[in-house]
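Here's the structure we're looking at; comments come further down.
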Amino acid sequence: MKKKGRDLLEAFRKTFLTLQNPTPRQIKMDASSERYCYNPILRWNPQVEDYFIKAYGSLHFAQISKALTRPSCYSCIRVNTLKTTSDAVIEKLQEIMRKSGSDNDVEDINFEEIKANKSIDLDMAEKQSCLQNGSVSKCQIPGLEYVVFVKGSGPHTIDYGYAPDKPPKEVLVSRKCAEAVLRGAQVYVPGVMACSAHVEEGDAVAVSVAVEQPAPDGGWGLGITRGTVLQGLQTDPYYFERNGLYIGQGTTMLSRARIFRASQGIAVDMNNQVFKLPSFHDVLEGEIFLQNLPSIVAAHALDPRKGERILDMCAAPGGKTTAIAILMKDEGEVIAADRSHNKVMDIQKLAAEMGLTCITTYKLDALKAVCKRNGSSDMTTLCGNKDNNDVVIQSSDLRPLENGGSSTTTVGLNADTKCKENVSNEKANERTYISKADIRKNMRRMRNGPGRNQSLGGRVENSKGFLPNSFDRVLLDAPCSALGLRPRLFAGEVAWTIDKTAVAKHTHNMKRTSYIWIQLFPF
């Protein structure tokens, strides 16, 4: 499995050297253009920056730092092969893009320039030539045909309509909101930090970003109160902080007063962005899932099989969990654990949206995932899932059945019958008592059917851990610094907590690096 993972990462590295963003055209800019442009400077934790400069060299690290502030030139989509196919999804997406007109915004990659780069494997470049034929295409890495790429473009120069002493109306958004907008999202109400005076519904506004600044106490902070009025002139206290941080132009969907009174909804419809990537909000819901390719590769390298019992530790928000379940054809059992109640609920909602039934969720700290034995070799732990009315029997002696069944016994096909049996046999089988209210709640849920907007309600089930040797495979995507996520507009609060010896090994041997470091490579 290790060899398969390394082979996939190597193919991944070679493939996406062919998908570099086109070199931006050098445009002579006047004073206003220098201000109203997108040219952020990524701020780092000094210790992290010092270490990376020593590892990569100042010039290479500067290239990495700049690349991280830009979104990838493509969006990666994982297809739910239990519901549809990659070809069908490509056809639907192309039709959607034709109707929206976004297909005309995509710039072609110059394949001749790619071949001219002698450092790129020409055979791999030839295999990727099909990516030049359209904005939506299928992944050509063997085994990953269920992945679809949607090509974007940028950076683009935008005319914000600046005139001397008459700056454009502005909307200032939070950094996280801006990072989402750079990937194709709209500006939603919670992401708006400040706005020009007299902004009405339907106004054209320049959208800029509020990035953390050094605070007097030595930390970092925005220093701006939500609802602040932006002046757009040099008398504005936040005027210089917005230089080079304009991500596009849009049309307001609400007036200034309503933006700061509403709790949800779209505040600005982004119709002219620096980086143009299509939005996938509410598009082919349940059939596709927007996910970074390294995350898909991680689930694929696990090589899950039908009928196996697999543990996904630190599973939220559920991208890899659902990827594993789909690779298993929804046959077997995937135990998804996370220590956050809300995050576990998100996993349940995503699984319901994608129509997956083999996923069982638990609230559990991954550090306590293994039960301690009490000295008995045949110790059995019973865990009842109140929300799904499942009773899971875990034992170190149970293994996957030869007929493809799971080592876990799950009773849950008929909610009414099962719940009555649980109540009547409570003492005999030592199962968790389930009230009549829980029975009625579950029956209503089954009648309504699963869905993204269905409120699951209640509390997620806790787990005290699992017995050793009770899973066929385990995936641990541990919380990390997330340095490789793109785009990234601020890294000042990233702490250096990784073993430096291991990091140095990964840094100087890119072929065997983890996928996080692969993303740091500026392609």
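Residues in region 160-190 that are free of Cβ contacts under 8 Å to residues at least 40 places away in the same chain, touching a strand residue (DSSP E or B) at 6+ places or on another chain (Cβ under 9 Å) and open to solvent by 30 Å² or more (accessible area, probe 1.4 Å): ALA180 alone. If you take the residues of region 261-291 that are outside any strand (DSSP E or B) and over 23 Å from ALA88 (Cβ atoms), which of them is most open to solvent (accessible area, probe 1.4 Å)? Result: ARG261.
Here ALA178 clears all of (1) assigned to a helix (DSSP H, G or I); (2) more than 25 Å from ARG486 (Cα to Cα) except the condition numbered (2). Counting only residues that are modelled with pLDDT of 85 or more and at positive phi, region 220-236 holds 1 of them.
Of the candidates TYR188, TYR239, the single residue that is within 21 Å of ILE158 (Cα to Cα), out of contact with any Pro (no Cβ under 8 Å at 6 or more places or on another chain) and not acidic (Asp, Glu) is TYR239.
Candidates ARG70, ARG78: the one that is open to solvent by less than 20 Å² (accessible area, probe 1.4 Å) and either outside any loop (DSSP other than H, G, I, E, B) or at pLDDT 85 or above (or both) is ARG78.
For region 191-247, a residue qualifies if it is small (Gly, Ala, Ser), in a strand (DSSP E or B) and either in contact with a helix residue (DSSP H, G or I) (Cβ under 7 Å, 6 or more places away or on another chain) or open to solvent by 30 Å² or more (accessible area, probe 1.4 Å) (or both), and the qualifying residues are ALA204, SER208, ALA210.
May I ask you to verify whether VAL334 is at pLDDT 95 or above, within 24 Å of the chain's Cα centre (by Cα) and either closer than 25 Å to VAL211 by Cβ or acidic (Asp, Glu) (or both)? Criteria not met by VAL334. Every test in (1) acidic (Asp, Glu); (2) modelled with pLDDT of 90 or more; (3) within 20 Å of GLU34 (Cα to Cα) is passed by GLU201 save one, and that test is (3).
Conditions (1) open to solvent by 10 Å² or more (accessible area, probe 1.4 Å); (2) closer than 21 Å to TYR146 by Cβ, marked per residue:
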{"position": "ALA315", "(1), (2)": "no, yes"}
{"position": "HIS341", "(1), (2)": "yes, no"}
{"position": "VAL344", "(1), (2)": "no, no"}
{"position": "LEU356", "(1), (2)": "yes, yes"}
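Being modelled with pLDDT of 90 or more, assigned to a helix (DSSP H, G or I), open to solvent by less than 70 Å² (accessible area, probe 1.4 Å) and on the phi < 0 side of the Ramachandran plot is the requirement here; does PHE16 meet it? Judged against the criteria, PHE16 is not a match.
The values are calculated or read from the model by the stated rules, or taken from the named source; none is laboratory data. Because the structure is a prediction, the values reported are computed rather than measured. Methodologically, a virtual Cβ is constructed for each residue, glycine included, from the backbone with ideal geometry; neighbour enumeration extends over all protein chains shown. In case anyone asks, the SASA skips ligands and DNA or RNA and just uses the protein heavy atoms, side chains included. Shrake-Rupley method; radii C 1.70, N 1.55, O 1.52, S 1.80 Å.
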